[in-house]
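Heads up, the thing below is written out as structure tokens.
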Amino acid sequence: LIMPSGHPEVSPMTAPKKLYIKTYGCQMNVYDSERMAEAMGAEGYVTTDKAEEADMVLLNTCHIREKASEKLYSDLGRLRPLKIEKPDLKIGVAGCVAQAEGAEILRRMPLVDLVVGPQSYHRLPAMARAAEAGEKPVDTDFPAEDKFDHLPDRPSASTRPAAFLTVQEGCDKFCAFCVVPYTRGAEVSRPVARLLEEARGLAAQGVREITLLGQNVNAYHGEGPDGTWGLARLLRELAKIDGLARLRYTTSHPNDMDDDLIAAHGELPELMPYLHLPVQSGSDRILKAMNRKHTAEAYLRLIARIRAARPDILLSSDFIVGFPGETDRDFEDTLDLIRAVGFGAAYSFKYSARPGTPAAEKPEIDSAVADARLQTLQALITEQQRAVQTAM
Ligand code: SAH
Ligand code: SF4
Ligand code: F3S
């Protein structure tokens with residue numbers, strides 16, 4: 001739930017309209033919700049944390065797993081009595097389910113007034129006006145223009161010490177299980193100058209820690225003043241900004257962990273000794289079926305190089321258990337990899353077949369077996385996490 005401060009230009013004589021935003025999914029959605037609230041702020045909306053007093057409810061959704069996706073429909077069902085009580089209430093669906101299902105959401109849930117995808121939310125204010133005029137706009141374009149060029153400047157008053165900054169969006173990797181390349185589109189990196197400007201603005205507001213975001217953040221390759229910059233160079237430049245004490249980035253792909261970025265972990269005191277580097281599985285057979293394009297061994301070698309650069313670095317990963325075709329042996333390989341690395345934390349998920357992805361065509365493994373594997377894996381991670389915490 002995002003609550004940036006009210007827009008300063010709203011006259012106290014006219015009661016401002018209220019916007020309630022619920023955010024699901026990853027940090028990229030958290031960032032997008034802030035930017036949408038700011039865009040609506042320029043239209044005279046202030047945010048509220050109470051759906052009951054809102055003039056507009058915006059659900060910023062996630063499509064990554066079936067459970068995440070279905071939450072939208074149960075929450076919409078829960079909003080029905082409110083919409084009956086307040087017929088002028090506008091309900092908008094944003095984010096990755098909006099992108100994946102588009103107008104289908106309006107058919108399934110007629111109480112929805114607008115649907116906006118993650119690449120076109122700079123058009124949200126105009127869509128909200130159209131919705132107020134009785135239309136039901138749907139926008140799931142991947143527009144040619146950069147939405148960030150069409151969003152209002154970030155507001156100047158902030159009391160928060162830490163902020164997100166999206167530097168890269170989309171993904172070209174097409175892991176066999178994943179919807180992100182379809183919902184977020186192709187990989188795009190924001191230009192260096194715009195990011196430095198936004199980061200300086202955040203630092204001037206008192207922000208001390210910035211987490212750089214991207215679905216594949218370490219694949220960042222943005223236009224700089226003298227050619228293309230990688231993530232390491234961007235981090236080095238951000239570290240020079242007065243007041244910025246800490247930098248983080250998430251989430252990364254093992255194949256994009258280049259020498260320069262590994263070196264930056266050893267050189268930059270501002271770069272926190274933490275790296276989220278999802279491996280998904282420890283079985284080469286499954287990694288191949290997942291289209292991950294790296295082996296377990298390559299991942300372990302990479303971890304060794306990162307630890308050589310920054311020995312106290314804390315590592316975390318994502319794991320999927322029960323991918324189609326996963327055997328006991330494959331799962332044992334995953335446990336072996338976890339034992340070999342020693343993670344400080346991890347996010348682990350039972351495989352969820354997603355419409356339109358290649359893996360969804362394959363027969364699923366027994367659901368109870370996948371549940372049991374997930375519990376075993378999580379118990380091992382918890383053990384490792386406790387050990388790391390005790391050592392602190
Ligand atoms: N770009 C990131 C991942 C984004 S999605 C990366 O490549 O690491 C976050 C995590 O959700 C993934 O790492 C994966 O572990 C999990 N995930 C994605 N699709 C899934 C699916 N169909 N079923 C279960 N978990 C999934
Ligand atoms: Fe999804 Fe793979 Fe891209 Fe990560 S790298 S967003 S898991 S397709
Ligand atoms: Fe979910 Fe979209 Fe993020 S599917 S994980 S909100 S990129």
Item to check | Within region 97-111, tally of residues that are surrounded by 15 or more Cβ atoms within 10 Å (Cβ to Cβ) and in a helix (DSSP H, G or I) | outcome: 7
Checklist outcome for this item: Residue pairs qualifying under the 9 Å Cβ cut-off, at least six apart or on distinct chains, with the first in region 77-96 being in a helix (DSSP H, G or I) and the second being more than 16 Å from ligand 2 (Cβ to nearest atom) and open to solvent by 90 Å² or more (accessible area, probe 1.4 Å), are Leu82/Glu52; Glu85/Glu52
Checklist entry - Is it fair to say Phe331 is surrounded by 15 or more Cβ atoms within 10 Å (Cβ to Cβ), among the aromatic types (Phe, Trp, Tyr), closer than 20 Å to Arg386 by Cβ and more than 13 Å from ligand 2 (Cβ to nearest atom)? => result no
Item to check | Given (1) among the polar types (S, T, N, Q); (2) within 16 Å of ligand 2 (Cβ to nearest atom); (3) not in a loop (DSSP other than H, G, I, E, B), number of the condition Gln119 does not satisfy | outcome: (3)
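Condition check ((1) open to solvent by 50 Å² or more (accessible area, probe 1.4 Å); (2) under 25 Å from Tyr249 (Cα atoms); (3) of a type in the set (Asp, Glu); (4) over 24 Å from the mean Cα position of the chain (by Cα)) across all residues:
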position	(1), (2), (3), (4)
Ala340	yes, yes, no, yes
Pro355	yes, no, no, no
Ala372	yes, no, no, yes
Leu377	no, no, no, no
Checklist entry - If you go through region 188-208 one residue at a time, do you hit one that is open to solvent by 20 Å² or more (accessible area, probe 1.4 Å) and over 28 Å from Arg246 (Cα atoms)? => result no
Checklist outcome for this item: Here the residues within region 298-340 that are within 15 Å of Leu374 (Cα to Cα) and within 13 Å of ligand 1 (Cβ to nearest atom) are Ser317, Asp318, Phe319, Ile320, Val321, Gly322, Phe323, Pro324, Glu326, Thr334
Checklist entry - Can you name the condition, by its number, that Pro81 falls short on among (1) closer than 30 Å to Val179 by Cβ; (2) at pLDDT 95 or above? => result (1)
Checklist outcome for this item: Scanning region 209-227 for residues that are in a loop (DSSP other than H, G, I, E, B) and within 14 Å of ligand 1 (Cβ to nearest atom), the one surrounded by the most Cβ atoms within 10 Å (Cβ to Cβ) turns out to be Gly214
Item to check | Residue count, region 90-129 (criterion: among the polar types (S, T, N, Q) and away from ligand 3 (no atom under 16 Å from the Cβ)) | outcome: 0
Checklist entry - So Asp141 clears everything in (1) open to solvent by 20 Å² or more (accessible area, probe 1.4 Å); (2) at pLDDT below 95; (3) farther than 26 Å from Arg65 by Cα except one condition, right? Which one? => result (3)
Checklist entry - Can you tell me which residues in region 251-262 are open to solvent by 40 Å² or more (accessible area, probe 1.4 Å), outside any loop (DSSP other than H, G, I, E, B) and touching a helix residue (DSSP H, G or I) at 6+ places or on another chain (Cβ under 8 Å)? => result Asp260
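One line per residue, one yes/no per condition, for (1) crowded, with 21+ Cβ neighbours inside 10 Å; (2) out of contact with any Lys or Arg (no Cβ under 9 Å at 6 or more places or on another chain); (3) modelled with pLDDT under 95:
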| site | (1), (2), (3) |
| --- | --- |
| Leu235 | yes, yes, no |
| Tyr249 | yes, yes, no |
| Ser281 | yes, no, no |
| Arg285 | no, no, no |
| Asn291 | no, no, no |
Item to check | helices (runs of 4 or more DSSP H) contained entirely in region 275-392, each with at least 2 residues that are touching a residue at least 24 places away in the same chain (Cβ under 8 Å) and within 15 Å of Met257 (Cβ to Cβ) | outcome: 296-309
Item to check | Residues satisfying the stated conditions in region 29-69, i.e. out of contact with any helix residue (DSSP H, G or I) (no Cβ under 7 Å at 6 or more places or on another chain), open to solvent by less than 10 Å² (accessible area, probe 1.4 Å) and within 16 Å of ligand 1 (Cβ to nearest atom) | outcome: Tyr31
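The values are calculated or read from the model by the stated rules, or taken from the named source; none is laboratory data. Computed from a predicted structure; not experimentally measured. Cβ: placed from backbone, ideal geometry, glycine included. Neighbour counts: every protein chain shown. Just so you know, the surface numbers come from the protein's heavy atoms only, side chains and all, with ligands and any DNA or RNA stripped out. Shrake-Rupley method; radii C 1.70, N 1.55, O 1.52, S 1.80 Å.
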